[in-house]
Every structure is written in C-alpha cells, then in structure tokens.
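The values are calculated or read from the model by the stated rules, or taken from the named source; none is laboratory data. Remember, it's a predicted structure, so these values are computed and weren't measured experimentally. Cβ sites come from the backbone with ideal geometry, for glycine too, and all protein chains shown count toward neighbours. Surface areas here come from the heavy atoms of the whole protein model, side chains and all, with no ligands, DNA or RNA. Shrake-Rupley method; radii C 1.70, N 1.55, O 1.52, S 1.80 Å.
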Amino acid sequence: MTAHEWQAMALSRSLLEQFTAVVGTANVLTEKTDKLSYSYDATAMMGSTPGAVILASDAEQISRVVKLANETKTPLITRGAGTGLSGGSVPLNKGVVLSTLGLNRILEIDEENLTALVEPGLITAQLHQAVESRGLFYPPDPGSMKVCTLGGNVAENAGGLRGLKYGVTRDYVMGLEVVLPNGEIMWTGGKCPKDVGGYDLRQILVGSEGTLGIFTKILVKLVPKPQAKKTLLAVFPSMESAAATVASIIAARIIPATMEFLDQITIACVEEFAGIGLPLDAGAVLLMESDGHPAAAAEEAEVMLRLAKEQGATEVQIAADEAEAVRLASARRMAFPALARKRPTTVLEDVSVPRSKLVEMVTRVRRIAERENLLIGTFGHAGDGNLHPTILMDERDADEVTRMHRGFQAIVEAALDLGGALTGEHGVGLLKRDFLEKYFPSAAVDMMRKFRQSMDPNGILNPGKIFQPSPRREGELPRSNEHSLHILERLKP
Ligand SMILES: Cc1cc2nc3c(=O)[nH]c(=O)nc-3n(C[C@H](O)[C@H](O)[C@H](O)COP(=O)(O)OP(=O)(O)OC[C@H]3O[C@@H](n4cnc5c(N)ncnc54)[C@H](O)[C@@H]3O)c2cc1C
C-alpha cells in the first residue's frame, strides 16, 4: 500500500469494534486528547496523531490484534515508553499504536542459568534493581533507563554508559517470544549459550525497530554483579587532552566499564543546571568507571588517575562512596536534560566514529557549528566513539531550521567520511531513513527490504520506518535531498 492509500484509509467502525472485543472498551483509545499523548516520542520536530491506540496486556491479545491488522492491512506501531530518539514509535498515516506498557512483569530470574525472562513493557531500571538485589547484573544502561522499556531497548539495540566493557543490548538477548506480522506467536533462542541451529533469527530481530515483529517475552543473559566500582571524574583543558587520556588508558590494556565525555558547551549547561562544581573554563570532562574485584578496580582507578594527570587533567576526583559516585556520574547523566533546557528545540545526533577519530570528529562538529552559526553541545561515549552532537535551536525560526538541516547533514557526512556509522544506538527510524537510502550500498538496502517484505508482505508493522515508503526503482536516484526532518515538519499534528 502506498503512503497515499494509507492516508486515505480511515479506521472502520467495525475494525475498532473487533479490537475492542479483543482488549476491552477501556483499552481502545479513540478520543483526540488521548491519542495526542501517543503522537510523538523524544525526537524533536516529529509528531503525527494515530488513528487509535490499543493498550494490550498479553501476547494472545497482541496476536489477535495483529491478525486483524494484517487482514485489513492496517498499519500497527508498537510503542514502549516513547523515549526513542529516531521517531521509531511516531505513528505515520493514522496507523494504530499498540502500547506494550501493560506487559511489564519479571517472569523468572534463573540464578543457575544466569538468565531473566521479562515482558517487553518492563522498565529497564526495574530489571537492574531486581537482579542486583540477588548479586546479579544486567549491564545495558541507556541514559533513559529509569523510563524506557526492555522491548524498546531490544527493538533499538540500545547501548548505554557501560557499553565499552559490557557491550549493548544485543549481547544480552538470549531468546525472544515474538508476534509475527501474520499474528503467529514464535519463540526463538533459549537458555543455551551454545546454540547454532539454523539462521539466528533472534539477532535480526534485535534492532529491527518494530518492523519485523512484536516482542512479547524477552530472555536476557545476566552476569555476576561486580563486587566493587570506582568512579572518577577528570577535568581537562582541551578535548585533545581528554582523548589522549582515553587512548593511553586503552594502550595500558584497561577497558573501563564507562568512559564518557562532555565538551565545553555541555559542561557549561550541566553546571548551570545542576551546580555540581564543574569549572566553566574546562575544555572537556571525562567520567570513568572501573569495576570488578575490589583490588583490580582500585588498581585500574589509580592507573587512570595517573594517566589523566599525565595528559594534562587539571582536576581528578575519585568518588569515596556510592553517593559520591552517583553525584559524579550525574554530570554525564544530566547532559541531555541540561542541554535541552537551553533552547526550545533539541535535535540530537547519534553518529559513531572509530575511537581514534573522536577528536577529529568533535573538531569537525565545532567547525560546522561555527559555519552554520548553530549552538551545538557534544557529549557521548568516548570509549566507543559514539557521539551525541546536540543542536540547540528554535523550530519557529525558519532560518535556524534551514541551518540546522545543513548542520545535521554535515555532521552525518563528517562521521561517514571518518569511517563512522550512521547511528550508534538510537536507530534509523524516521530521522535517518533518507540517509540510509543514500549512504548504504544499494545491494544492502535492497537485501534488507526483501527480508522485511518476506516477513511482512502487507507491510503493516511500523511502515515508513528505516526505509522510505516505496522501494527505489532500478536506476532511480535516492531522494537524498529530501531530508527526513523536512518531511517530519509536515507531519506535525
Ligand atoms: C534522556 C534520554 C536518554 C537516552 N539515552 C540513551 C542511551 O544512552 N542509549 C540508547 O541506546 N538510547 C538512549 N535513549 C533513546 C531511547 O531511550 C532508547 O532507544 C530506548 O531503547 C527506547 O525505549 P522505549 O521503551 O522508549 O521505546 P519506544 O520509543 O516506545 O520505541 C522505540 C522503538 O521500539 C519499537 N518497540 C517498542 N517496543 C517494542 C516491542 N515490544 N516489540 C517490537 N518493537 C518494539 C517501537 O516500534 C519503536 O520503533 C535515550 C532517550 C532519552 C530521552
């Protein structure tokens, strides 16, 4: 179905009645005021009111809803907490939002096999608390962990502050129960760490951004909780000296659990917001954490402290206890909200570059900001080269919007030029679908499209995400000039 046909489609009364028969009257929302809350996620300048919202509470209901949607070719947009930063759960073309927040239980913590079986609407930090109280650890910790869901994390393959040492969500998903686009309920994976039978469907489902199936149960791997943790906050005169510290720590064969940076603009915003004592003239701040056996964590922290000083750190604080560790880490965890309050609109980037290119990338972002006269604060994961240049602007200012588009595009191109990746952890969604079509090899995009088409022939699950709605015809140029954000402005409710 084309976008135009979707637009023309109105949800029929009979279909709404059938949805109501599955989940109950109270769980089908059709009032405009109710639907508005489901019209956007955390991505700037995106919004589109859904045709209806369905609040599901189990896999059986979801299966029946998906069967109805498939029979009637109705677009379905799965939604967790709506904290996504690429427009993944924004409902295009009056599609129906399916909220999984009602499926929020921890079904099992298996201490012998070191696994947890959870429902997709569970808040990530609640899983952390539950397993840590038993001396176990679920490492992925996105900045949004107090509000985002496990289902959203799996769909976006979310990363976090501990990614350098522990990896990302994909590294912890052992099994999935998924409702397929035809409504069938399928299980893939299991508790065996060694399992190589057939294609690994679980791996392709992780990061599928709601386009291949709806997760209804998630089996995750747990590890023993590190016995000790040491948290350091180092202040540097320049980004170069912070990056040299990162390089020397890795060269010393230390892989810290966390190695996060803030640039000068971000430091100023965090300080203004939270007043935690960061010097306003600092060029960069590094938050570093080492964990493991108490002796090993302490020794690594000492080495990191020495290396930071050798590279010119003007100040290094080591947290004396957990309360102080939380205070130091808050400098990084507050980066996004602190920047976001500076101007009315916050456009967050998510490119990755090889770690060795971090300084070059930050320098290029600075140059782009100067050229386009934009305020851009950059923070991110120094250890794995995933940066969040954050454009602070006002979407009501047409000229600034034009400069933001140019800046956004230039940042993506700079990262790709340095051998980087289009998105490190936020996903393609709507925000970067034009870039994917433009910069990925067409054979790879075609293969992905074919896979999606074979899984979901009617294209009902989250249509318009990751790829442009209709496939490129042979010989046709990608519509690269039509930047996603322009499209999205027109989608505002
Ligand atoms: C302040 C802030 C900090 C953030 N920090 C990080 C960070 O450090 N690392 C990081 O990776 N991200 C981060 N994010 C982005 C976001 O929180 C993550 O992408 C998160 O995984 C989204 O989860 P959610 O429950 O909000 O999903 P939603 O936004 O509701 O949905 C995201 C996508 O997942 C799909 N989806 C949701 N549930 C399911 C399901 N059960 N089955 C199939 N598909 C589903 C949706 O269709 C959509 O495409 C941050 C966001 C904010 C606002």
- Among the residues of region 284-304, is any charged (D, E, K, R), crowded, with 16+ Cβ neighbours inside 10 Å and at pLDDT below 95? no
- Message: Can you pull out every residue in region 105-115 that is part of a loop (DSSP other than H, G, I, E, B) and free of Cβ contacts under 8 Å to residues at least 40 places away in the same chain?
- Response: ARG105, GLU111, GLU112
- Might you check whether a residue that is closer than 28 Å to MET304 by Cα, out of contact with any Asp or Glu (no Cβ under 8 Å at 6 or more places or on another chain) and away from the ligand (no atom under 13 Å from the Cβ) occurs anywhere in region 343-353? yes
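At least 2 residues that are buried (at least 17 other Cβ atoms within 10 Å of the Cβ) and at pLDDT below 80 in each: list the helices (runs of 4 or more DSSP H) lying fully within region 395-493 that qualify.
484-490
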- With respect to ILE249, determine if the residue is closer than 14 Å to MET304 by Cβ, part of a helix (DSSP H, G or I) and open to solvent by less than 10 Å² (accessible area, probe 1.4 Å). yes
- Message: Return the residues of region 116-135 that are in a strand (DSSP E or B) and either surrounded by fewer than 21 Cβ atoms within 10 Å (Cβ to Cβ) or within 8 Å of the ligand (Cβ to nearest atom) (or both); say none if nothing qualifies.
- Response: LEU117, ILE123
- Note on the structure: Within region 305-329, residues closer than 19 Å to ALA247 by Cα and open to solvent by 60 Å² or more (accessible area, probe 1.4 Å) come out as ARG306, LYS309, GLU310, GLN311, THR314, GLU315
- Task: Among the candidates ASP384, ASP434, single out the residue that is of a type in the set (Asp, Glu) and over 25 Å from PRO91 (Cβ atoms).
- Result: ASP384
- Here the residues within region 27-60 that are out of contact with any strand residue (DSSP E or B) (no Cβ under 9 Å at 6 or more places or on another chain), over 30 Å from PHE408 (Cα atoms) and not β-branched (Val, Ile, Thr) are GLU31, LYS32, SER57
- Message: Quick check on this structure: which one of ALA313, ALA282, ALA320, ALA301 is part of a helix (DSSP H, G or I) and among the small types (Gly, Ala, Ser)?
- Response: ALA301
- Query: Take the residues of region 252-280 that are acidic (Asp, Glu) and open to solvent by 30 Å² or more (accessible area, probe 1.4 Å): which is farthest from ARG332 (Cα to Cα)?
  - Reply: GLU272
- Scanning region 75-91 residue by residue, those more than 21 Å from VAL351 (Cα to Cα), touching a strand residue (DSSP E or B) at 6+ places or on another chain (Cβ under 6 Å) and not small (Gly, Ala, Ser) turn out to be LEU76, ILE77, THR78, ARG79, PRO91
- Query: Any residue in region 334-341 that is open to solvent by 30 Å² or more (accessible area, probe 1.4 Å), under 21 Å from LEU161 (Cβ atoms) and among the small types (Gly, Ala, Ser)?
  - Reply: yes
